[in-house]
Number of protein chains: 2
Amino acid sequence: MKAYKDMSRDELLTLKSALQEEYKVLESKGLSLNMARGKPGASQLALAMPMLDVINSCSDMNTVLGNDTRNYGDLDGIGECRKLMADMMEVAKDNVIVCGNSSLNIMYDTVSRSMTLGVNGSTPWCKLEKVKFLCPVPGYDRHFAITELFGIEMINIPLNDDGPDMDLVEKYVNNDPAVKGIWCVPKYANPTGISYSDEVVERFAHLKPAAEDFRIFWDNAYCIHHLYDDVQDKILNILDECEKAGNPDMVYIFASTSKISFPGSGVSAIATSLKNIEYIKKQMTVQTIGHDKINQLRHVRFFKDINGLLAHMKQHGDILRPKFEAVLDIFEKELKGLEIGEWIKPRGGYFISFNALPGCAKAIVAKCKSLGVVLTGAGATYPYHNDPLDSNIRIAPSFPTPEEMELAAKVFVLCVKLVSIDKMLG
Amino acid sequence: MKAYKDMSRDELLTLKSALQEEYKVLESKGLSLNMARGKPGASQLALAMPMLDVINSCSDMNTVLGNDTRNYGDLDGIGECRKLMADMMEVAKDNVIVCGNSSLNIMYDTVSRSMTLGVNGSTPWCKLEKVKFLCPVPGYDRHFAITELFGIEMINIPLNDDGPDMDLVEKYVNNDPAVKGIWCVPKYANPTGISYSDEVVERFAHLKPAAEDFRIFWDNAYCIHHLYDDVQDKILNILDECEKAGNPDMVYIFASTSKISFPGSGVSAIATSLKNIEYIKKQMTVQTIGHDKINQLRHVRFFKDINGLLAHMKQHGDILRPKFEAVLDIFEKELKGLEIGEWIKPRGGYFISFNALPGCAKAIVAKCKSLGVVLTGAGATYPYHNDPLDSNIRIAPSFPTPEEMELAAKVFVLCVKLVSIDKMLG
């Protein structure tokens with residue numbers, strides 16, 4: 001296919017009027033499709049329904065150690081659930097605290113605790129003139145919302161195909177004591193789908209932070225969320241690497257079963273050094289008497305162990321793969337060679353990230369909306385909702401059916417074409 | 001019975017040696033009983049087991065409005081659960097946010113949010129020189145732990161039989177802008193069991209705080225936790241009263257089903273003015289995508305409505321009453337007229353509060369421990385664990401069986417007697 005940039009003005013105008021006919025046809029269909037948020041679809045939720053049977057009125061409600069899950073206790077989670085989450089997060093059980101239903105909530109609490117109480121005895125961040133976080137972009141809007149809420153200055157760091165631009169990360173972290181953290185989704189990143197290379201993870205572990213209370217916020221949200229059986233990303237264990245590099249306390253790892261069992265009714269966990277665990281528990285013991293242990297037991301009885309989790313996630317992959325491929329096939333067929341957009345084919349996670357021509361993202365999202373297809377707002381993948389190039393669009397293929405995804409993707413590519421032509425015509 | 005203070009030194013010595021014989025007998029039994037924490041007992045937990053059957057793999061998982069409880073959404077809780085909690089808290093559904101498993105966690109978050117973000121736009125408390133909370137004493141140790149963690153100065157306010165000393169509350173709140181809050185358990189108070197009189201509630205509502213961001217933390221933990229069918233305490237609705245008094249935003253009400261369904265696996269809620277609700281939701285939407293809605297649905301399907309809750313709590317009362325009476329009967333029989341201790345017979349809640357002779361509480365708790373009976377640490381019912389009179393002891397009769405409670409109470413009165421005699425002998 002001929003790249004748009006190589007077309008004459010007349011060619012573009014002819015193409016535009018043909019595309020406008022397509023637009024009218026799609027407009028007449030009165031579509032209503034949503035590709036805005038990474039919500040599991042109905043058939044994924046159905047996979048976990050038998051979990052609701054494993055705990056019932058006849059169940060033994062005690063943990064392996066004999067603790068009654070129905071009563072107060074086990075602040076850091078029941079042992080068998082800590083083990084399950086530890087195996088999923090590839091760390092030792094002692095490094096894990098199992099929490100409530102949301103890893104986002106743990107991340108929020110971790111930032112909030114640092115604001116009010118400091119990090120392992122450091123000056124509380126709220127007492128400092130300025131606190132900064134590094135934000136690999138494009139990234140996860142809800143991470144950025146947390147740091148924005150607390151008035152933490154966010155600095156964009158380009159996310160490359162193998163992870164964040166580590167030259168820039170090192171420059172900031174190793175020189176500026178106001179830089180206290182970095183948001184990372186190291187595997188099947190939200191939204192680009194890339195995974196951090198071994199070299200990137202090692203460079204993270206070998207940071208020499210100017211601030212003793214600098215922490216890596218390692219949101220391993222998609223640790224076992226593969227789309228394929230044969231090509232699965234594997235990342236280095238950051239906790240081990242930090243330990244080896246002499247930075248044992250530098251990382252917090254977060255994960256949950258929100259996209260494994262049920263969003264909102266899963267279990268979440270934080271993994272970090274024993275020293276950090278002790279500090280966190282001192283605060284947690286004031287915050288709560290304990291999290292929902294019956295739900296922890298429900299998860300353990302249903303999944304049994306890491307192999308149960310992996311087998312379950314294979315089924316998720318089988319459901320998600322056709323939805324991703326529906327989008328990617330249409331991109332490939334309709335956009336390849338036109339040089340009006342770029343995307344990465346992800347091997348896992350929940351998103352496809354699309355980079356339009358600079359200055360086109362907002363217009364594409366608006367045009368899709370006019371055809372009844374809702375996308376994540378343009379700019380959402382950047383701190384302060386400000387994509388300096390107005391280029392990145394996050395596509396969430398999980399919730400609609402494959403057929404709906406195909407239709408939505410067709411709308412999307414049409415809008416990309418129309419907006420790009422308008423941009424070029426000036 | 002003759003009061004100890006009217007006994008001669010010889011009489012006390014004779015009595016002491018008889019009591020020491022009793023001590024030896026009990027010591028030889030090698031008891032191991034725990035009256036330390038307000039944990040429901042096994043038979044109470046059994047009452048809620050059928051709740052674990054109402055949601056299973058065949059259940060309709062949608063709310064009345066058709067929202068799928070298994071997926072993200074409904075930040076403030078599913079409608080039918082908000083209604084259930086609203087009825088329990090005697091407020092309108094619109095004034096309620098249903099949260100996670102723990103009202104303590106909501107209270108912690110509410111203080112934490114005020115520290116970092118302020119109250120409806122006020123200066124964040126962490127930016128202030130000094131923040132103070134009023135603490136009716138004796139009170140709930142976990143309340144005091146929250147304010148202590150955040151470095152908030154706590155001021156003791158005597159708790160009378162009808163509520164806190166309101167002259168003192170008014171003096172502090174209406175004159176000192178550093179006073180930002182007060183911890184209250186208005187019904188079946190922890191630990192004294194008293195309920196606030198209408199006059200006290202009205203005086204609360206008519207406070208004229210020097211600080212615009214002063215808030216009443218109204219922990220209605222035992223709102224439907226009656227011990228008797230015929231004599232039930234009823235308190236005025238603080239939200240209504242504050243509204244009428246022109247202080248609509250002055251109160252946060254907290255409650256949960258921790259001691260109704262399962263501790264750790266219940267649902268909790270906050271009720272407050274619509275303006276406060278809006279402000280809280282702005283922060284909550286950054287903290288979490290939503291709480292466990294399947295568990296909310298489970299509670300609604302099991303209890304159905306407020307009548308279901310009340311019927312359930314009647315069964316709880318039937319289980320708890322004999323345990324309370326076992327203690328109170330022994331107190332009555334063994335301590336009445338001796339003038340070495342005072343207690344109130346509660347009509348609900350989870351505790352019996354005992355005031356020993358000044359300077360005796362720690363020694364009594366220690367002596368009970370030497371006989372294998374664990375009580376809440378003396379001083380725990382005061383901020384900073386500092387009971388200035390060393391007099392108050394909290395007794396939690398819920399967890400042991402009535403027979404165990406009787407035995408534990410016998411140990412307790414013996415220790416009270418021995419320590420009191422030692423005190424008097426000097």
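The numbers here are math on the coordinates, done by the rules we state, and not lab data. Predicted model only: the values in this text are computed from it and were never measured. Note: ideal-geometry Cβ built from the backbone for every residue, glycine included; neighbour counts use all protein chains shown.
Observations on the structure shown:
- DSSP beta bridges confined to the stretch B:61-304 are antiparallel in about 35 percent of cases.
- In the stretch B:149-280, the convex hull through the Cα atoms has an average projected area of 9.0 nm², a quarter of its surface area.
- Estimated translational D of the stretch A:126-188 in µm²/s (Stokes, Kirkwood radius over Cα pairs; 10 °C; 1.306 mPa s): 132
- Rounded to the nearest 5, the antiparallel percentage of DSSP beta bridges internal to chain B is 45%.
- The Rg/Rh ratio of the stretch B:299-383, with Rg taken over Cα atoms and Rh as the Kirkwood radius over Cα pairs, comes to 1.10.
- Contact order normalised by residue count of chain A, Cα under 8 Å, 6+ apart, percent: 25
- Label spacing, shortest first and in nm, from A:N175 to its equivalents in the remaining copies (7 angstrom along Cα→Cβ): 5.7
- Each copy carries A:N56; placing its label point 7 Å along the C-beta direction from Cα gives inter-copy distances of 0.3 nm, listed from smallest up.
- Ranking of A:S103, B:S256 by neighbouring Cβ atoms within 10 Å, starting from the fewest: A:S103, B:S256.
- With Cα atoms, 0 to 90° folded angle of helix B:166-175 axis to chain B main axis: 50
- Check: chain A dipole with +1 on Lys, Arg Cβ and -1 on Asp, Glu Cβ, in debye: 880
- Summing Cβ point charges (Lys, Arg +1; Asp, Glu -1) relative to the Cα centre of the protein assembly as shown gives a dipole of roughly 120 debye.
- Here is the P(r) of chain A: all C-alpha pair distances, binned every 10 Å from 0, give 4, 21, 29, 24, 15, 6, 1, 0 in whole percents.
- A:E129 label point (Cα plus 7 Å toward Cβ) to equivalent points in the other copies: 2.3 nm, shortest first.
- Cα-based convex hull, the stretch B:1-120, per residue volume (Å³, whole number): 299
- Reported value for the stretch B:61-304: 118 Å³ per residue, from the convex hull of its C-alpha atoms.
- Amide H partners (placed H, <5 Å) of B:V179, local residues excluded: B:K132
- Sequence of B:T381, A:T110, B:T285 once ranked by neighbouring C-beta atoms within 10 Å, starting from the fewest: B:T285, A:T110, B:T381
- Between B:N62 and B:K208, full extension at 0.36 nm per residue minus the direct alpha carbon distance yields a gain of 48.0 nm.
- With the Kirkwood sum run over all distinct C-alpha pairs, the protein assembly as shown has a hydrodynamic radius of 29.4 Å.
- Between the stretch B:39-75 and the stretch A:51-90, the Cα center-to-center distance that results, in Å: 17
- Per residue, the protein assembly as shown reaches -13500 deg cm²/dmol at 222 nm when only DSSP H runs of four or more residues are counted, each adding -39500 (n - 2.57).
- Whole-Hz ³J(HN,Hα) from phi, Karplus 6.51 cos²θ - 1.76 cosθ + 1.60, for the stretch B:211-219, glycine and proline x: 9, 5, 9, 6, 9, 8, 8, 9, 8
- Where rotation carries A onto B, the chain A residue whose Cβ is nearest that axis, in whole Å: A:C126, 2
- The stretch A:63-304: relative contact order in percent, alpha carbon pairs under 8 Å with at least 6 residues between: 27
- For the stretch A:328-426, the spread of Cα coordinates along the three principal axes comes to 36, 30, 26 Å, biggest extent given first.
- Spatial separation of Cα centroids for the stretch B:305-326 and the stretch B:119-175, in angstrom: 32
- A convex hull fitted around the alpha carbon atoms of the stretch B:245-328 yields 156 Å³ per residue.
- For the stretch A:189-197, backbone phi angles converted through the Karplus equation (6.51, -1.76, 1.60; θ = phi - 60°) give residue-by-residue couplings of 3, 8, x, 7, x, 6, 10, 5, 6 Hz, Gly and Pro being listed as x.
- Of all DSSP bridge pairs formed entirely within the protein assembly as shown, close to 45 percent run antiparallel.
- Comparing A:V231, A:V54, A:V300 in a Gaussian network model of chain A (Cα springs below 10 Å), the most mobile by mean-square fluctuation is A:V231.
- Restricting the stretch A:197-267 to trypsin sites (Lys or Arg not before Pro) that sit in a DSSP loop and have at most 14 other Cβ atoms within 10 Å of their own Cβ leaves A:K234.
- Which of B:D74, A:D6 has the fewest Cβ neighbours within 10 Å, and the rest in rising order: A:D6, B:D74
- In the calculated pair-distance distribution of the stretch A:349-398, the portion above 14 angstrom amounts to 47 percent of the Cα-Cα pairs.
- For A:G100, the residues 5 or more places off, or on other chains, whose built amide H falls under 5 Å of its own are A:S268.
- Couplings 3J(HN,Hα) of the stretch A:290-301, computed from phi: x, 8, 6, 7, 5, 5, 5, 4, 4, 5, 5, 5 Hz, in residue order, whole Hz [Karplus 6.51 cos²θ - 1.76 cosθ + 1.60, θ = phi - 60°; x for Gly and Pro].
- Given their separation in residues at 0.36 nm each and the Cα-Cα distance between them, B:D10 and B:N174 gain 53.7 nm when the chain is fully extended.
- Under-5 Å amide H pairs with A:V374, H placed in peptide plane, nonlocal only: A:L33, A:N34, A:M35
- Using a cutoff of 8 angstrom between alpha carbon atoms and counting only pairs six or more residues apart, the relative contact order for the stretch B:212-364 works out to 27 percent.
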